[in-house]
Amino acid sequence: MKPSSLHHHLILAVAVVLLTLWLPALFAGAAGVGNQLLSFKAALPDTSVLENWFENQNPCYFSGVKCDGARRRGLENLVLKSANLSGSISLPPGSKCGSFLASIDLSQNSFSGPVSDLSSFAACSALKSLNLSSNSLDFSLKDKDFSAGLRLSLKVLDLSFNKISGSNVVPWILSRSNCNEMSHLSLKGNKIAGEMSFISCKRLEFLDVSSNNFSTSIPSFGDCLALDHLDLSGNKLTGDVARAISSCGQLVFLNLSSNLFDGPIPSFPVENLKFLSLAVNSFSGEIPLSIFDSCSSLVELDLSSNGLAGLVPDALSSCSSLESLDLSKNNFSGELPIETLMKLKKLKSLALSHNRFFGKLPDSLSDLPSLESLDLSSNNFSGYIPFGLCQGLGNSLMELYLQNNLFIGTIPASLSNCSNLVSLDLSFNFLTGTIPPSFGSLTKLRDLIIWLNNLRGEIPPEISNMKSLENLILDFNDLTGSIPPGLGNCTSLNWISLSNNRLSGEIPKELGKLPSLAILKLSNNSLYGSIPPELGDCKSLIWLDLNTNFLNGSIPPALFKQSGNIAVNFIASKTYVYVYIKNDGSKECHGAGNLLEFAGIRTEQLNRISMRNPCNFNRVYRGNIQPTFNHDGSMIFFDLSHNLLSGNIPKEIGKMRYLLILNLGHNNLSGTIPEELGGSTNLNILDLSSNRLDGTIPQSLTRLSMLMEIDLSNNFLSGMIPESAQFESFPPYRFLNNSGLCGYPLPQCGADSGKNSNSHHQKSHRQASLFGSVAMGLLFSLFCIFGFIIVAIETKKRRKKESSLDVYIDSRSHSGTANVTWNLTGAREALSINLATFDKPLRKLTFADLLEATNGFHNDSLIGKGGFGDVYKAQLKDGSTVAIKKLIHISGQGDREFTAEMETIGKIKHRNLVPLLGYCKVGEERLLVYEYMKYGSLDDVLHDPKKAAIKLNWSARRKIAIGAARGLAFLHHNCIPHIIHRDMKSSNVLLDENLEARVSDFGMARLMSAMDTHLSVSTLAGTPGYVPPEYYQSFRCSTKGDVYSYGVVLLELLTGRQPTNSSDFGDNNLVGWVKQHAKLKISDVFDPELMKEDPSLEIELLQHLKVACACLDDRPWRRPTMIQVMAMFKEIQAGSGIDSQSTIATEDGGFGSVEMVDMSIKEAPELNCKQ
């Protein structure tokens, strides 16, 4: 059966089954019902979900089916949870239901459609419980459905984890007096916003509206004596908590975490509370004693991630039932309140990390018999780690986190008594001595993390007994000896990090037995011997750092035979906080960078690493590694630099398509650079310097469009450096000391540099005649006269230009941005700096000319502001007008990155792109010169027509939509390498004198990302309202992200509305607002001005809206490419009979006729994307 047929069949099957089960005579007709159920089972893709549904069996004994056999009343409960069902939940009109069916559970399926379909269950008069959680229901209601409300009288309703959004969901559910009967309501994990009130819900016992988009004041719950479970977490609620829940005296569970509550912690009923979480808010002050007045029932208390301070109150000891206490990430101080804690005999989890506690840890911590997790990281505890921990036979400690403190002394061997220990982190302390061999008895240990201490001695071979070990991280110590081969028996290892020690010996080939090994860091040691080819059997390896050792032999081609088995997270079921520190490239600093596990450590403590490492860590990256791979090689970091390796570079390295960093520098490698290396198209850094490589630089390297750094110096390379914008941007020293290398940025090939520039003259002087002398005298006099005239003119011009510079400097110094004031050494000399140009008429322009044309970049010349800088209108001396973008100031150096990107952007020419005419860098200033666009941005023309003095009819808007699509398609499909815009929006669509759309700012986000690492993610990945949903999860830009943003621009053209901040949207945006109207009268979303123009346009507008919705699909892979978008437009145009003489209305008399819009993308005279 075809998938589509099967899907349709399942919908019908569900309807048939439900209708059959709801017949009043169900129990009497058990055999017939059984046959219907079995037919339904047979239609399922996975029949195992109903494995005990057999023939010749009473259907009342089927799993999920419950009948009241005692009173022979028939079906009471129906449970089809996780049955792989899909389709609509609406039932045909006239459906009848058995009068005893009280509960239906259809959770964890794939049902879709509006929640208004729930009202069809009104036929079930006895229905009191309905569970549709974890499906795909939405809130696209028609007016009549909204006014009718939910036509059910339920006690239990669970709609959690669906796709419900909008601002009127809660009022719709609680209308028609539904609130009076409701005892359990769960709306968790949707995108619901707007107001909510539960004052009339007097019987409500369970309420969960967590993880939604509520941004109002906390609602009042009125007389809530029945309420025992309240979860409002994961919203943006504010207001008076005490007032809202003052009457909820029976609360057992209260979760207000991850909201915007502030001020002191309020008083509220705690008599019956077992769970209380106020985490991730902005509460301040001390913990009020009122919380502990009657807390004997409290089991879990979470006050983490607030601004609380002071001491931990002694009154905490009255919470005798407390099992979990989390006060982390606050400003608590004082010594560990051990006497108070000793009274909490049931305490299992204690988290006090990231506070300001100090003092020594007492041995009496072992007197907490139930303690399973102790986190004291990032405080100021000092002294010795207690030897008495886990001394009791009944110890249950599983997690011990003491990193980032001031502990000294040795690691107590008695910690091996913690037989249940799973995670141990003692990093960032001042511990000495050796790693106790007795740790080998910790067979349950998964994490052994003790980096940045002063440990010495060997890594005990007994560690090989830890069969559950996943992470062994011992960097930055003084460990000696060899790496235990027995680690190959720890087959669960994910991360082995032993860098910056004094280890010696060979790399054990047994490490190749580790199928889950993702990170292997052995750099900065004294390892010798060859690299074991068995490492290529580590199918999950993504990070291999062996730099700065004494490894010899060749690079085994077998290293590159990985299959990339890792799907999403590079270490399954483990969340890692890491930092990657990029090395500064100084001679003492070896390798590309350092990846460090950083959980529980304060960022400001990074300076401690510099004390143990010669590198100046000038760029720090934080986050999580989440690569996604196919079966074509998964390595992303490969550093074998500063060793004694010889032989050729394996051509197989080109198979590593996800490789970001490749450093083979400072070895004895020979032969040629393999052509196949051009297949590693994601390379950011390539270092092959200081080897014995010969031959030419392969032309294939020009395909490495992401390459930001290259170093091929100190080899025996020859021939011409490949011509590309990328290579032209690299500084000369990256190619120096090669025997025959030439071409930019080195001297041109064929130039005879051996000639003596100081050769002797071959002719002697002759005595001049009297006539000649007189002639020369006259000529000299004329030159002097002309010289004086020219000097006078130029002096006047220069004074004028210097005046402009003075105006500019003065305006900068008196602006409110003191942190970015003018900082230019030799400012006067800057006047003569020439522009690097791509347009011949501009070749002689200088910085002074730009200053003069903008009156020192005065506000009167300012015509726009954007995320990347201000834009000024400048009229040049030849009468032409240009636009000058003055980029925002950045903290990084970025000169080479700036030049590289400008050279790339400047060569891109297309009629639907704003051409870059030139650029220059003066001090901290970076200026870009663009062609001036008469009508400014689409954003201004659409949303501020008075400013633009133009009104767009549909013909003009259609032309703009197609033009912008054509420009974006050119970037995506015709440029090599393909260019992702990253910030497509209406303000980046400019309009020339013919209202032709020109896409601007392409390449700017990538430029800023390259030049500075401290810009916000929103700056680099789009503008609110235009950002596709996947960017908030991965921050990885793609062409499909641009397609989404283009879809928003198309919606703007169709609706006339801005993407955000409309009062009609509520807490939604333009995309959500349009999607809400998708099942209503969809024509209501169109700009009324267009409908007034010609009501017959509705069909064509709907066709274009369909294109926009395809671009706005939440799933990137379902969105069309821009080529496909152009094809859709072409199909619409061909089938609509568009009037070829449509005119564009303007206030100054309009334009001429507009021809049929051209759908082509390639344009022969302008196509120039070779980079």
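What follows is calculated from the coordinates using simple rules that are stated; it is not laboratory data. The structure displayed is predicted, hence computed values, not measured ones. We place every Cβ from the backbone using ideal geometry, glycine too, and count neighbours over all the protein chains shown.
Full extension of the chain between A309 and N648 gives 115.9 nm of extra length, using 0.36 nm per residue less the Cα-Cα distance.
Report the full-extension gain for the segment Q1103 to H978: residue separation times 0.36 nm, less the Cα-Cα distance, to one decimal in nm. The partial results should precede the final answer.
On the way: separation 125, 0.36 × 125 = 45.00 nm, distance 2.88 nm.
Stretched out fully, the Q1103 to H978 stretch lengthens by 42.1 nm.
Lys-Lys pairs in region 211-349 that are eight or more residues apart or on separate chains and whose Cα atoms lie under 29 Å of each other come to 11.
Counting beta carbons within 10 Å around each of M196, M342, M984 and listing the fewest first gives the order M342, M196, M984. When the C-alpha to C-alpha distance is required to be over 20 Å, the pairs from K128/K163; K509/K539; K582/K885 that qualify are K128/K163; K582/K885.
Rounded to the nearest Hz, the phi-derived 3J(HN,Hα) couplings of region 374-386 under the Karplus curve 6.51 cos²θ - 1.76 cosθ + 1.60 (θ = phi - 60°) are 10, 10, 10, 5, 6, 10, 10, 5, 9, x, 8, 5, x, where x marks glycine and proline.
The simple spin-label model puts a point 7 Å past each Cα toward its Cβ; for L225 and N331 those points are separated by 4.3 nm. Cross-linked pairs K877/K934; K81/K1075; K41/K155: Cα-Cα separations exceed 21 Å for K81/K1075; K41/K155.
Footprinting exposure proxy ranking of S987, S1038, fewest other C-beta atoms within 10 angstrom first, gives S1038, S987.
In terms of other Cβ atoms within 10 Å, H910, H858, H973 run from fewest to most in the order H858, H973, H910. Amide H contacts under 5 Å for E335: F358, restricted to partners 5 or more places along the chain or on a different chain, H placed in the peptide plane at 1.01 Å from N.
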